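Rule-based calculations on the coordinates, nothing more; no lab input. Quantities reported herein were computed from a predicted structural model and do not represent experimental measurements. In this analysis, Cβ positions are derived from the backbone assuming ideal geometry, glycine residues included, and neighbour counts consider all displayed protein chains.
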Amino acid sequence: MLSQDLANIKEEVLESIEKANDLKELNEIRVRVFGKTGLITNISKGMRDVLPEDRPKVGALINEVKTAIECKLQEKIELLENIELNKKLEEEKIDITEPSKDSELGALHPITDVIDRLTDICVDMGFSVVEGPEIETDYYNFEAMNIPKNHPSRDMQDTLFITEDILLRSQTSAVQAREMEKRKPPFKIVCPGKTYRNDNDATHSPVFHQMEGLVVDENISMADLKAMLTILMKRLYGEDTKIRFRPSFFPFTEPSIEVDVSCPSCHGKGCSLCKGTGMLELLGAGIVNPKVLEMSGIDSKKYRGFAFGFGLDRTSMILNSINNIKNLYRNDIRFLEQMKK
Ligand code: DAH
């Protein structure tokens, strides 16, 4: 009788476990069978009414049914858990071959880019890159560069003075004397940085950038300067660039030259960038005036030097076809977007 009941329970429960579709259903079955008033629990309670001699047999039978149900439950739990896990993995699958969403990438500011390019070329040629203060003394900016107070050549640069002796440097040439005082020849330095003048139109900004170069050694000649600048310009603007040297005047160099290159936009034919001339005026340079060497404690009988200085804003405008210098300082995101290469 009891064994028949057990057999029925076993059959029915195993079947419903088989049919169960989720873990919740399995749990309900577990409660229905093993809970406080569960099928097996009730039968176990009924052991009291079984004859003592039959008890071991019935007990063994109950245990067998219990174990069979528990095993089946466990099996089904694992199966359902596996199905659920696979479903989750399938749903959360990431296709790594899919193109990613666009992420915004920044770009170097065109001035930074030009500084990097120029200093890279100069470092290749053995130059050290130095910096100097933007708030400078009259001495380093002018006097040590052979531009005494009240000298007419000061008018070449409309300087922003803070006090009578302190100013915003109007040229990176100010770093020349500082480096000559610090260093022992031979040395080669370049100094890129900000400079300031009271100038303001489409090609001039009150804050702009220059890069100064200075080489001091024995037996320096104009040939060294020309060779060095030719390499620099060709590496910056391309191998087919033509370079022209013109005589000029700067108080700190003697002789002084100005350097033009063939217009990279029209290759010398004449266009709006070069105002029809085919050439662009790029930088000032020359053989360091012996007076400048002496003022900074360098023996001008033993050593000579060459120097050069040029505008980085103009260089950047030429390289990137920028027609208004103010675009470099407005930080208009639409403009900077176009500078991405
Ligand atoms: N400092 C000059 C300027 O701002 C540029 C310059 C010319 C620098 C000749 C030099 C040089 O070192 O030799 O106009």
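Could you give each residue of region 88-101 its phi-based ³J(HN,Hα) in whole Hz, using Karplus coefficients 6.51, -1.76, 1.60 with θ = phi - 60°, and x for Gly or Pro?
Listing the rounded values in order: 4, 4, 5, 5, 8, 4, 9, 8, 6, 8, 5, x, 7, 5 Hz.
Anything over 23 Å Cα to Cα? Flag those among LYS19/LYS66; LYS188/LYS301; LYS184/LYS234; LYS194/LYS234, in the order listed.
Result: LYS184/LYS234; LYS194/LYS234 exceed 23 Å.
Placing +1 at every Lys and Arg Cβ and -1 at every Asp and Glu Cβ, with all other atoms neutral, what dipole size does the chain have around its Cα centre, in debye to the nearest 20?
The calculation lands at about 820 debye.
Please arrange SER170, SER296, SER272 by how many other C-beta atoms lie within 10 Å of their C-beta, fewest to most.
Final ranking by Cβ density, sparse to dense: SER272, SER296, SER170.
What's the FRET efficiency of GLU75 with LEU51 using the Cβ-Cβ distance as r and R₀ = 41 Å, to the nearest 0.05?
Values: r = 35 Å, r/R0 = 0.85.
FRET efficiency, GLU75 to LEU51: 0.70.
Would you mind estimating how fast the chain diffuses translationally, via Stokes-Einstein at 10 °C and 1.306 mPa s with the Kirkwood radius over Cα pairs, in µm²/s?
Working: Rh = 26.9 Å.
Approximately 59 µm²/s, per Stokes-Einstein.
Distance from a point 7 Å along Cα→Cβ of LEU85 to each backbone N in region 8-52: keep the residues under 17 Å and list them by number.
Of the residues in region 8-52, 23 have backbone N under 17 Å from the label point off LEU85.
Using +1 at the Cβ of each Lys and Arg and -1 at the Cβ of each Asp and Glu in region 2-91, identify which of ILE17, LEU39, LEU79 lies farthest towards the dipole's positive end.
Projecting each Cα onto the dipole axis, the largest value belongs to LEU39.
Compute the FRET efficiency between ASN21 and GLU104 as 1/(1 + (r/R0)^6), taking r as their Cβ-Cβ distance and R0 = 35 Å, and round to the nearest 0.05. Walk me through the numbers on the way to the answer.
Values: r = 48 Å, r/R0 = 1.36.
Computed FRET efficiency for ASN21 and GLU104: 0.15.
Pairs of Cα atoms under 8 Å, at least six residues apart: use those to get the relative contact order of region 201-341, whole percent.
So the answer I get is 30 percent.
To the nearest 20 debye, what is the magnitude of the charge dipole of region 1-146 about its Cα centre, counting +1 on the Cβ of each Lys and Arg and -1 on the Cβ of each Asp and Glu? The partial results should precede the final answer.
Details: 18 positive and 33 negative charges, 458 e Å.
Computed charge dipole of region 1-146: roughly 2200 debye.
Pick out, from THR67, PRO251, SER3, the residue whose Cα sits farthest towards the positive end of the charge dipole of the chain, with +1 on the Cβ of Lys and Arg and -1 on the Cβ of Asp and Glu.
PRO251
Would you kindly state how much longer the chain becomes between ASP299 and ILE96 on full extension, computed as 0.36 nm times their sequence separation minus their alpha carbon distance, in nm to one decimal?
Values: separation 203, 0.36 × 203 = 73.08 nm, distance 6.75 nm.
Computed gain between ASP299 and ILE96 is 66.3 nm.
Need one number: the % of Cα-Cα pairs in region 2-91 sitting beyond the 18 Å mark. Walk me through the numbers on the way to the answer.
Working: 1949 of 4005 pairs.
Taking all Cα-Cα pairs of region 2-91, the fraction more than 18 Å apart is 49 percent.
Of THR97, THR163, how do they rank once you tally other Cβ atoms within 10 Å and put the fewest first? Walk me through the numbers on the way to the answer.
Working: THR97 5, THR163 8.
Exposure proxy ranking, most exposed first: THR97, THR163.
So what J values fall out for region 123-129 if you push phi through Karplus, 6.51 cos²θ - 1.76 cosθ + 1.60 with θ = phi - 60°, rounded to Hz, Gly and Pro as x?
Per-residue couplings from phi come out as 4, 4, 8, x, 7, 9, 9 Hz.
Compute the FRET efficiency between LEU2 and THR67 as 1/(1 + (r/R0)^6), taking r as their Cβ-Cβ distance and R0 = 22 Å, and round to the nearest 0.05. Walk me through the numbers before you get to the answer.
Working: r = 17 Å, r/R0 = 0.78.
Calculated transfer efficiency: 0.80.
Under a point spin-label approximation (7 Å from Cα along Cα-to-Cβ), what is the ILE162-ASP120 distance to one decimal in nm?
3.4 nm
Name the cysteines of the chain that stand alone by the Cβ rule: no other cysteine Cβ under 4.7 angstrom.
Here CYS71, CYS122, CYS191 come out as lacking a disulfide-compatible partner, given the Cβ-Cβ threshold of under 4.7 Å.
Dipole of region 131-274, Cα-centred, from +1 at each Lys and Arg C-beta and -1 at each Asp and Glu C-beta, to the nearest 20 debye?
540 debye
Quick check: residue separation of LYS182 and THR41 times 0.36 nm, minus the Cα distance between them. What number comes out in nm?
41.0 nm
What pairs in LYS45/LYS72; LYS24/LYS88; LYS149/LYS326; LYS182/LYS291 have C-alpha atoms more than 21 Å from each other?
Beyond 21 Å between Cα atoms: LYS45/LYS72; LYS149/LYS326.
Can you divide the C-alpha Rg of region 106-211 by 2.2 N^0.38 Å and report the result to two decimal places?
On the way: Rg = 14.9 Å, N = 106, 2.2 N^0.38 = 12.9 Å.
Normalised Cα radius of gyration, region 106-211: 1.15.
Each residue of region 296-302 in order: what ³J(HN,Hα) in whole Hz does its phi give by Karplus 6.51 cos²θ - 1.76 cosθ + 1.60, θ = phi - 60°, with x for Gly and Pro?
Each residue of region 296-302 in turn: 9, x, 10, 5, 6, 7, 8 Hz.
As a footprinting exposure proxy, order LYS88, LYS242, LYS10 by other Cβ within 10 Å, with the fewest listed first.
On the way: LYS88 10, LYS242 15, LYS10 20.
Ascending number of Cβ neighbours within 10 Å: LYS88, LYS242, LYS10.
Could you state, as a whole-number percent, how many of the C-alpha pairs of region 166-278 are farther apart than 20 Å?
Percentage above 20 Å: 57.
Measuring from centroid to centroid over Cα atoms, what is the spacing of region 69-124 and region 237-268 in Å?
52 Å
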